[in-house]
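Working notes, structure below.
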Amino acid sequence: MNTIEKYKKFVNTSMVARVEPVVINKAKGATVTDMNGKQYIDCFAGISVVNAGHCNEKVIEAAKAQMDKLVHCCSYVYYCQPTADLAEKLASITPGRLQKTFFGNGGAEAIEGALRLAKQFTGKTEFIALQASFHGRSYATLSVTGNVARKRKGGPYMAGCTFLPTPYCYRCFFELKYPQCHLRCARALEDIIRFNTYDSVAAFMAEPVQGEGGIIVPPDDYFVEIGRILKKHGILLLIDEVQSGFGRTGKMFAIEHYGVEPDIMTMAKGIADGFPLSAFIAREEIADAFKPGDHLSTFGGNPVSCAAAVANIAYLEEEKVVEGAARKGGWLKDKLEQMKNKYDKIGEVRGKGLMIGIELVSDRSSKAPAVEEAKKVRDFCLGEGLLIGLGGVFNNVLRIQPPLVITQDQLEQALSVLDRSFASL
Ligand SMILES: Cc1ncc(COP(=O)(O)O)c(C=O)c1O
């Protein structure tokens, strides 16, 4: 049996529409090579993970050196140097007073822990999240996920979760236009608190740029308004940087674009350039709300993953990868905007840095989601050696989220494939 046949027989893939028909053998930088030696330009980075590039030499070197010394000890039972070093580094690169980190293994585990900590600190039990949000596949994280397509047949979900309309200007819930709307979607938070909660809200949580929801970018002043309302009601701001962190949007963390200080922040994906690791960080007094017995993770803060993460962050800083993401993303977005003038199936191009979404519509006046066309574009790109993502609440948003080290030449080739794919529709 070959790999695809083994998958069909032994790997449970019934929960995905399909696995892309590529058997990946190896990868370097932003280039992926399949078993037949065919090369692809990777514009999805394993769902926005390998920000410093596939098999980054510095990261691999650090992980290998750590593997020769210690692979596991349980970083909460014994002290472990890479875990301490990474926690110190995270305190210095995350916004504001965020200081103490808890480590887990994947995004959902980080969100689960962050929700628990918010409850523990505030003594309150409710959460408000955004309608098109995605926060993971575990019970609590699905409960605070707004995108209903991810929740079918999984309920009933955790009580006390309520949702605020997403700042999705292209499809505004209130049918208003920014800035004349005066941030109606943010101001609606007052109504949600008043009418949808029982005055026991621990935290409001949001992705600073929604990833799975379709690369939805809130207006520049959105989080300041949200922060003002939260402060008035004594509600924590929990920011989910699982997908948008570690340089993806042209800042180390996407919330830095918005000038607010989160109370708790979650991270995963880009933290260790592909090694499994996640984290949530909080101000000291919030973090210390956990008491003995309240939380743990056997593999959390794994020495190899932490050593990889320390090397990964050093690489992002030393090679100015984050600044590069801002520059390359700006260039790419401009070019895609120009392409929009050529193809009326492109409804909107949006994003920050190298987190770019292209929303396809059947026609621009009705904005009917062009779901089949989006699949066609993805398949055309695959055939031409370009990997892109597909997502959005209507499944009609092409996601361009390459390793941040992608070269200018690769970006130009990717653009040319996208151009031809739109022409083929
Ligand atoms: C914003 C956000 N939060 C949480 C998660 C869940 O992460 P994981 O799949 O590692 O559990 C994701 C995954 O895509 C995500 O994009």
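The values are calculated or read from the model by the stated rules, or taken from the named source; none is laboratory data. Computed from a predicted structure; not experimentally measured. With ideal geometry, Cβ positions are generated from the backbone for all residues, glycine too; neighbour counts draw on all protein chains shown.
Assorted remarks:
- Matching residues, the range 349-370, being touching a strand residue (DSSP E or B) at 6+ places or on another chain (Cβ under 8 Å) and surrounded by fewer than 21 Cβ atoms within 10 Å (Cβ to Cβ): Ser362, Arg364, Lys367, Ala368
- Filtering Thr145, Thr141, Thr101, Thr83 for residues that are within 15 Å of the ligand (Cβ to nearest atom) and either in a loop (DSSP other than H, G, I, E, B) or in contact (Cβ under 8 Å) with a residue 40 or more places away in the chain (or both) leaves a single hit, Thr145.
- Selection count, the range 280-321, where residues are over 20 Å from Val49 (Cβ atoms) and of a type in the set (Ser, Thr, Tyr): 1
- Scanning the range 364-396 for residues that are at negative phi and part of a loop (DSSP other than H, G, I, E, B) yields Arg364, Ser365, Ser366, Ala368, Ala370, Glu384, Ile388, Val393, Phe394, Asn396.
- Members of the range 148-180 found to be of a type in the set (Val, Ile, Thr) and either away from the ligand (no atom under 16 Å from the Cβ) or surrounded by fewer than 18 Cβ atoms within 10 Å (Cβ to Cβ) (or both), listed by number: Val148, Thr162
- Any pair with Cβ under 7 angstrom, 6 or more apart, that starts in the range 353-375 at a residue that is closer than 24 Å to Ala45 by Cβ and in contact (Cβ under 8 Å) with a residue 60 or more places away in the chain and ends at one that is surrounded by 21 or more Cβ atoms within 10 Å (Cβ to Cβ) and among the polar types (S, T, N, Q): Gly353/Thr249; Leu354/Gln401; Met355/Ser244; Met355/Thr249; Met355/Gln401; Glu359/Asn396
- For Ser75, the conditions (1) of a type in the set (S, T, N, Q); (2) closer than 24 Å to Pro403 by Cβ; (3) touching a helix residue (DSSP H, G or I) at 6+ places or on another chain (Cβ under 7 Å) are fulfilled apart from (2).
- Contact map, the range 199-213: residues that are within 19 Å of Phe246 (Cβ to Cβ) paired with residues that are among the aromatic types (Phe, Trp, Tyr) and near the ligand (Cβ under 10 Å from one of its atoms), Cβ distance under 9 Å, separation 6+ or inter-chain. Pairs shown: Glu207/Phe134; Gln210/Phe134; Gly211/Phe134; Glu212/Phe134.
- Out of Ala65, Ala118, Ala114, sole residue that is more than 16 Å from the ligand (Cβ to nearest atom) and small (Gly, Ala, Ser): Ala65
- Elements of type strands (runs of 3 or more DSSP E) in the range 211-282, at least 2 residues being under 30 Å from Lys64 (Cβ atoms): 264-267, 278-282
- Cross-chain or 6+ apart pairs with Cβ under 8 Å, the range 238-259 first and near the ligand (Cβ under 9 Å from one of its atoms), then at pLDDT below 95: none
- Cys306 satisfies every condition listed in (1) out of contact with any Cys (no Cβ under 8 Å at 6 or more places or on another chain); (2) in a helix (DSSP H, G or I); (3) hydrophobic (A, V, I, L, M, F, W, C) except (1).
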